[in-house]
Amino acid sequence: MEPSSLKEKTAKGLFWGGVSNGIQQLLNLLFGIFLARLLSSEDYGMVAVLSIFSLLANSLQESGFTAALVNKKDISARDYNAVFWFNVGFGACLYLLLFFASPLIARFYGNPELVPLARYSFLGFLISSSGIAHNAYLFRHLMTRQKAMSSVFALFVSGCTGVALAYGGFAYWGIATQTLVYIGVQTACYWYFSPWRPTFSIDFSPLRPMFGFSFKLLLTNIFNHVNNNLLNVVLGRLYSAREVGFYSQGCKWSGMGQMCILGMVNGVAQPVLAGVSGDLDRQRRVFRKLLRFVAFVSFPALLGLALVAQELTVIAVTEKWLPSVPFLQMMCVSGAFVPVVGLYQQLVISRGRSDVFMWNIIATGLLLLAAVFVVHPWGIEAIVWAYVAVNIAWLPVWHWLAWHGMGFRFWQALWDMAPYALIAAGVMIATHFLTASIGNVYGRLLGKIAVAVLLYMGLMWALGAATFRDALNYLRKKNIE
C-alpha cells in the first residue's frame with residue numbers, strides 16, 4: 001500500500017488538475033461556440049497553418065529545461081536564474097529570425113496575408129519566454145492549485161477578448177490576439193504565484209549539467225510538435241484553408257477532451273514517478289494505479305464525445321460546421337489513447353531516459369510521415385485515419401521502452417486498461433441504438449449523455465471497480481472537508 005503522504009499528494013494533484021482542466025475545457029467550449037458562430041472555417045485555417053511554427057519556437061526557447069529543473073536532485077536559485085535569462089535571450093533571437101522568415105512561410109502556403117499574421121502571432125513565444133522558469137518552479141513544487149488558477153483566469157480573460165474582437169469583425173486577427181492575451185495573462189500569474197525572482201547576476205554555468213538531459217528533450221519536443229501538427233502542415237499545403245479549417249475545428253474539439261485528462265495527469269505524473277524512481281516495485285504500483293485511473297476516465301470521455309459529435313456540433317456551432325464531425329470522431333478514437341501514451345512518456349522522463357523518449361518520438365514522426373505519404377492519394381479522411389492508426393499501434397512500443405526488463409508485461413497493462421476501454425465502447429454502441437429513435441436534436445443529445453453516464457457508472461458500480469470506488473471515496477472526503 002502506498003504511503004499516505006504520496007497517495008494524498010497524488011490525489012490532490014489529480015483533483016486540482018481535474019478541476020483546472022475541466023473548467024478550462026468548459027470555458028474553451030463556451031468561447032469556442034461563440035467564435036465558431038462568428039468566424040468562418042477560413043479564419044481557423046489561417047491560424048492553424050501557423051501553429052506548428054509557434055510551437056517549434058516555444059520548444060526551442062524552452063529547450064527542455066523545465067523537465068531538467070523538475071528532475072534535478074539539488075536545485076538552487078542560480079539554476080532558475082540561468083534558465084530564465086537563457087529563455088529570454090534565446091526567445092528574442094528566435095522572434096527576430098521568424099519575423100524575417102515570415103515571407104518564406106507565406107510563400108510556402110501561397111498566401112501573402114500570412115506575413116503580417118505570422119509576425120503578430122509569433123509574439124506569443126516571446127512573451128512566454130519570461131515565464132518558463134517560474135512555471136518550472138510551480139511544477140517542481142506540485143503547486144497545482146496555483147497553476148490551475150493561472151490557466152483558468154488567463155483563459156477567461158483571453159476568451160472574452162477573442163469574442164469581443166470577433167464581434168468587432170477582426171476575423172482571424174481576433175483568434176491570434178486571443179492567444180497572445182492568454183499567454184500574457186498566464187505568464188503574469190506564474191510570476192505572481194512563484195516566490196522566486198530573477199536577478200541580474202547572469203551566470204549560465206548551471207545550464208551545463210542540465211544540457212545533456214534537456215537537449216534530448218528539446219529534440220523530442222520539436223518532433224512531438226511536428227507529429228501532433230503534421231496534418232496541419234500537410235493539409236495546409238495540399239488543401240484549401242476552408243478544408244483545413246474544418247479539420248482544425250474537429251481536432252480542436254477532440255483536443256479539449258484530451259487535454260482535460262492529459263493536463264490533469266501530466267500535472268502530477270512526472271514529479272510523483274520521479275519521487276519513487278529509487279524503488280522499482282513501488283514505482284510499478286504507482287504507475288499501474290495511474291494507468292487504471294487514466295483508462296477509467298479517458299475512454300468513456302473521448303468515445304462519449306465521438307458519440308455526441310453530430311448533435312453537439314449542430315447545437316453549439318450550427319450546421320455550417322457539420323463537415324468537421326467526421327474529423328472530430330476520428331480524432332476522438334485516437335484521443336482516447338493520448339493520455340495513456342502521455343503517462344508512459346512521463347514515466348520515461350522521470351527515469352532520466354530523455355534519449356529513449358527522443359528516439360521514439362522521432363521514429364513515430366517518421367512513421368507518421370511515411371503513412372501520410374502513402375495514403376494521401378485517397379483524400380483527406382484517409383490521411384487522418386492513417387494518423388489515428390499509427391498513434392494507437394505505437395502504444396506497445398512505448399510500453400516496451402518504458403518497462404523492458406523490469407517485470408511489467410504489456411499484457412498486464414492491457415489487463416489494467418482493457419476493461420474500461422471495452423465497457424466504454426460497449427456503452428457507447430448501446431447508447432447509440434437506444435437513442436436513435438429520438439428525433440429532436442436537443443433531446444437526442446441529452447438522452448445520449450444521460451444513458452451513457454448511467455450505463456457506465458452503473459457497470460462500474462456493479463463490477464466493483466477499485467478505481468471507481470477510490471474516486472468516489474476521495475470526492476466524499478473533499479465534500480466532508
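Does segment 43-51 include one or more residues that are modelled with pLDDT of 65 or more, assigned to a loop (DSSP other than H, G, I, E, B) and either farther than 21 Å from MET143 by Cα or open to solvent by 60 Å² or more (accessible area, probe 1.4 Å) (or both)? So that I can check it myself, show each step before the final result.
If we filter segment 43-51 for residues that are modelled with pLDDT of 65 or more, which is where we start, we get 43-51.
Applying the additional criterion that residues be assigned to a loop (DSSP other than H, G, I, E, B) yields 49-50.
Then keep just the ones that are either farther than 21 Å from MET143 by Cα or open to solvent by 60 Å² or more (accessible area, probe 1.4 Å) (or both); that gives 49-50.
Checked segment 43-51: at least one residue is modelled with pLDDT of 65 or more, assigned to a loop (DSSP other than H, G, I, E, B) and either farther than 21 Å from MET143 by Cα or open to solvent by 60 Å² or more (accessible area, probe 1.4 Å) (or both).
If you go through segment 310-354 one residue at a time, how many are aromatic (Phe, Trp, Tyr), open to solvent by less than 40 Å² (accessible area, probe 1.4 Å) and closer than 17 Å to LEU368 by Cβ?
If we filter segment 310-354 for residues that are aromatic (Phe, Trp, Tyr), which is where we start, we get 321, 327, 337, 344.
After this cut, where a residue has to be open to solvent by less than 40 Å² (accessible area, probe 1.4 Å) as well, the list is 321, 327, 344.
Applying the additional criterion that residues be closer than 17 Å to LEU368 by Cβ yields 327.
Summing the residues that are aromatic (Phe, Trp, Tyr), open to solvent by less than 40 Å² (accessible area, probe 1.4 Å) and closer than 17 Å to LEU368 by Cβ in segment 310-354 gives 1.
Just to be sure, is ALA68 small (Gly, Ala, Ser) and modelled with pLDDT under 80? Don't jump to the end; show me each part of the working.
Values: small (Gly, Ala, Ser): yes; modelled with pLDDT under 80: yes.
Spelling it out, ALA68 is indeed small (Gly, Ala, Ser) and modelled with pLDDT under 80.
Out of curiosity, is GLY439 over 20 Å from VAL340 (Cβ atoms) and open to solvent by 50 Å² or more (accessible area, probe 1.4 Å)? Spell out how you get there, then give the answer.
On the way: over 20 Å from VAL340 (Cβ atoms): yes; open to solvent by 50 Å² or more (accessible area, probe 1.4 Å): yes.
Yes.
When residues of segment 404-462 are filtered for being of a type in the set (Phe, Trp, Tyr), under 28 Å from the mean Cα position of the chain (by Cα), assigned to a helix (DSSP H, G or I) and over 19 Å from ALA309 (Cα atoms), how many remain?
To start, the set of residues in segment 404-462 that are of a type in the set (Phe, Trp, Tyr) comprises 408, 410-411, 415, 420, 433, 442, 456, 461.
Restricting the remaining residues to those that are under 28 Å from the mean Cα position of the chain (by Cα) gives 408, 410-411, 415, 420, 456.
Restricting the remaining residues to those that are assigned to a helix (DSSP H, G or I) gives 410-411, 415, 420, 456.
Then keep just the ones that are over 19 Å from ALA309 (Cα atoms); that gives 410-411, 415, 420.
Residues in segment 404-462 being of a type in the set (Phe, Trp, Tyr), under 28 Å from the mean Cα position of the chain (by Cα), assigned to a helix (DSSP H, G or I) and over 19 Å from ALA309 (Cα atoms): 4 in total.
Going residue by residue through segment 109-126, is there one that turns out to be over 18 Å from LEU97 (Cα atoms), among the polar types (S, T, N, Q) and either in contact with a strand residue (DSSP E or B) (Cβ under 7 Å, 6 or more places away or on another chain) or modelled with pLDDT under 85 (or both)?
yes
Are any residues in segment 279-296 out of contact with any Ser or Thr (no Cβ under 9 Å at 6 or more places or on another chain) and in contact (Cβ under 8 Å) with a residue 40 or more places away in the chain, and if so, which ones?
Taking segment 279-296 as the starting set, the residues that turn out to be out of contact with any Ser or Thr (no Cβ under 9 Å at 6 or more places or on another chain) are 279-282, 284-285, 287-288, 291, 294.
Scanning segment 279-296 gives LEU280, ARG282, ARG284, ARG285, PHE287, ARG288, LEU291, VAL294.
Which numbered condition in (1) at pLDDT below 75; (2) open to solvent by 20 Å² or more (accessible area, probe 1.4 Å) is the only one that VAL272 fails?
Condition (2) is where VAL272 drops out.
Which one is surrounded by the fewest Cβ atoms within 10 Å (Cβ to Cβ) among residues in segment 126-172 that are among the polar types (S, T, N, Q) and farther than 27 Å from TYR95 by Cα? Walk me through it before giving the result.
The first filter runs over segment 126-172 and keeps only residues among the polar types (S, T, N, Q), leaving 128-130, 135, 144, 146, 150-151, 158, 161.
Restricting the remaining residues to those that are farther than 27 Å from TYR95 by Cα gives 144, 146.
Values: THR144: 24, GLN146: 18.
This residue is GLN146.
Could you check TRP253 against (1) at pLDDT 80 or above; (2) aromatic (Phe, Trp, Tyr); (3) buried (at least 24 other Cβ atoms within 10 Å of the Cβ) and say which number it fails?
(1)
Six or more apart or on different chains, Cβ atoms under 7 Å: show the pairs whose first residue is in segment 411-425 and of a type in the set (Val, Ile, Thr) and at pLDDT 90 or above and whose second is assigned to a helix (DSSP H, G or I) and surrounded by fewer than 20 Cβ atoms within 10 Å (Cβ to Cβ).
From segment 411-425, the pairs are ILE423/LEU459.
Of the conditions (1) touching a Phe, Trp or Tyr at 6+ places or on another chain (Cβ under 8 Å); (2) closer than 30 Å to PRO209 by Cβ, ARG119 clears all except one; give me its number.
(2)
Can you name every residue in segment 417-433 that is farther than 16 Å from VAL338 by Cα and not aliphatic (A, V, I, L, M)?
PRO419, GLY426, THR431, HIS432, PHE433, listed by residue number.
Determine if segment 103-123 includes at least one residue that is of a type outside the set (A, V, I, L, M, F, W, C) and under 26 Å from ASP203 (Cα atoms).
Applying the first criterion (of a type outside the set (A, V, I, L, M, F, W, C)) to segment 103-123 yields 103, 107, 109-113, 116, 119-121.
Remaining after also requiring under 26 Å from ASP203 (Cα atoms): none.
No, segment 103-123 contains no residue that is of a type outside the set (A, V, I, L, M, F, W, C) and under 26 Å from ASP203 (Cα atoms).
The values are calculated or read from the model by the stated rules, or taken from the named source; none is laboratory data. Remember, predicted model here, so these are calculated numbers, not experimental data. Positions of Cβ are backbone-derived with ideal geometry, glycine not excepted, and every protein chain shown enters the neighbour counts. The protein model used for the area step is the full one, side chains on, heavy atoms only, and it has no ligands, DNA or RNA in it. Shrake-Rupley method; radii C 1.70, N 1.55, O 1.52, S 1.80 Å.
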